[in-house]
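What follows is one structure encoded as structure tokens, with my remarks underneath.
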Amino acid sequence: MKITDAKVMVCSPGRNFVTLKVYTDQGIYGLGDATLNGRELAVVSYLQDHLIPCLIGRDPFQSEDIWQYFYRGAYWRRGPVTMTAIAAIDMALWDIKGKALNTPVYNLLGGKSRDGVLVYGHANGRDIEETSEEVGKYISLGYRAVRAQTGVPGLQSTYGVAKDKMFYEPAEKGLPPENLWSTGKYLLHVPKLFESLRLKFGDEIHLLHDVHHRLTPIEAARLGKSLEPYHLFWLEDAVTAELQEGFRIVRQHTTTPLALGEVFNSIWDAHILITEQLIDYIRMTIVHSGGITHLKKVAALAELYHVRTGCHGATDLSPVSMAAALHFDIAINNFGIQEYMVHTRETDAVFPHAYSFKEGFLYPGDVPGFGVDYDESLAAKFPYQRAYLPVNRKEDGTMFNW
Ligand code: KDG
Ligand code: MG
């Protein structure tokens, strides 16, 4: 089998998505997600101008060699743009292989290790009461795990608190919006949220929380310690992890499980975190971390160190990414949990897919490949619109992490 062509398509059914379609001489095509929120067109150019010309004529079954060709062959390795572009190609190749062999991709990854994939949804509100109502809604929809975020008194906007609850979308058209941040106010408020949620919903429901990279290690240690009585499933992205060693400080002070890595793009962002057992869940995902070929190696290393997976699954990851993640999640042994934010109706219409939700679990479906398609004529009705994630400043105006 030979790759004959590949094209990159950009659409915006409510938000921007970049999709790669790889064609073969046997009439089979594969899809890959290449969406990098707020930097979409950089990946489009990387694929169109630099990778696709080297892809034509290759055998799509040689996904390992093609991955190495684009990774080692670039000289300039790693980085989110490079690794997202490589991931899109890698996904498309696994999709082609599944279709050509007439089997779901999970069968090429070792087969099913479980029946369904445990997922968590996103509850958020302007205050504790509203967040608590939202958690209740997720529980009544059948979710067994819920991430809870709440507005902080004295701050106008807080990460994770959405205008449209079910379809949380932080990227906005126009120039980046500016948010305001106070670590002191946040640290005082969050334990009250989880105290109230445990009182109302009991001990069984899994609760998660995302700090979104806003604390120093010792502040994260304080938060983790103060949340221990509420036994979170995980505390996510407590500190930016450019300095992986910083997590030694967090780890020695708290037993709250730690999750990290949605912005990582290669194993070299996480090797110390994993091999020193400084985290419990690795959040790297297919689309931003070099595809299935790289992520299965990350998961294999993590398995040796008692680290489980918890793939990123926000709305800026297209249904192609979600499907790829589900095939991966269901196959590996050290799966932990999968993030699941529902896409809008328009997005689901552009990307018809075989995966489905039932009673707190997602099921990838039994269709050959990933079981996702792309409706090109519908997608053409939603042209690209430049959009940015917010930026964040401290109360005195200092630029901070969003
Ligand atoms: O593009 C950025 C979003 O995917 C991110 O802000 C969402 O932190 C996030 C999460 O945990 O889903
Ligand atoms: Mg996050």
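One table, with the values for the structure above:
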read-out	value
Test item: Cα-centred dipole of the range 3-104, Lys/Arg +1 and Asp/Glu -1 on Cβ, debye	240
Extension gain from residue 344 to residue 180, taking 0.36 nm per residue of separation minus the Cα-Cα distance	56.2 nm
Residues with amide H under 5 Å from that of residue 392, placed H, sequence gap 5 or more	179, 400, 402
Fewest-first sequence of 267, 249 by Cβ atoms within 10 Å of each Cβ	249, 267
Angstrom value of the Kirkwood radius, inverse mean 1/r, which spans all Cα pairs in the range 98-167	14.5
Residue order, fewest to most surrounding Cβ atoms within 10 angstrom, among 22, 211	211, 22
Backbone HN-Hα couplings from phi across the range 161-170 [Karplus 6.51/-1.76/1.60, Hz, Gly and Pro as x]	9, 9, 6, 9, 4, 6, 10, 3, 8, x
C-alpha long axis of helix 183-201 to longest principal axis of the chain, angle in °	90
Efficiency of FRET between residue 56 and residue 296 - r from beta-carbon atoms, R0 25 angstrom, step 0.05	0.45
Estimated vicinal HN-Hα couplings, Hz - the range 95-104 in sequence order (Karplus 6.51, -1.76, 1.60; Gly, Pro = x)	5, 4, 4, x, 5, 5, 8, 6, 8, x
Nearest-0.05 FRET efficiency for residue 243 and residue 166, computed from C-beta distance (R0 45 Å)	0.80
Check: the chain dipole with +1 on Lys, Arg Cβ and -1 on Asp, Glu Cβ, in debye	260
CD proxy at 222 nm, helix term only [per DSSP H run n ≥ 4: -39500 (n - 2.57); per residue of the chain; nearest 500]	-10000 deg cm²/dmol
Nearest-0.05 FRET efficiency for residue 68 and residue 375, computed from C-beta distance (R0 41 Å)	0.75
Stretch gain in nm, segment residue 228-residue 49, where the contour uses 0.36 nm per residue and the Cα spacing is subtracted	59.4 nm
Note, ³J(HN,Hα) from phi for the range 294-302, Karplus 6.51, -1.76, 1.60, rounded to Hz, x at Gly and Pro	7, 5, 5, 6, 4, 5, 5, 5, 4
Options 215, 56, 146, ranked by Cα towards positive dipole end of the chain, top entry (Cβ charges)	215
log10 of Debye I(q)/I(0), alpha-carbon scatterers only, for the chain at 0.06 Å⁻¹	-0.22
Crossing angle, helix 217-227 versus the chain [Cα axis fit, 0-90 degrees, rounded to tens]	70
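Quick note: the coordinates plus some simple rules give every number you see, no bench work behind them. Keep in mind the model is a prediction, meaning the values are calculated, not measured. Reconstructed Cβ throughout: ideal geometry from the backbone, glycine too, with neighbour counts over all protein chains shown.
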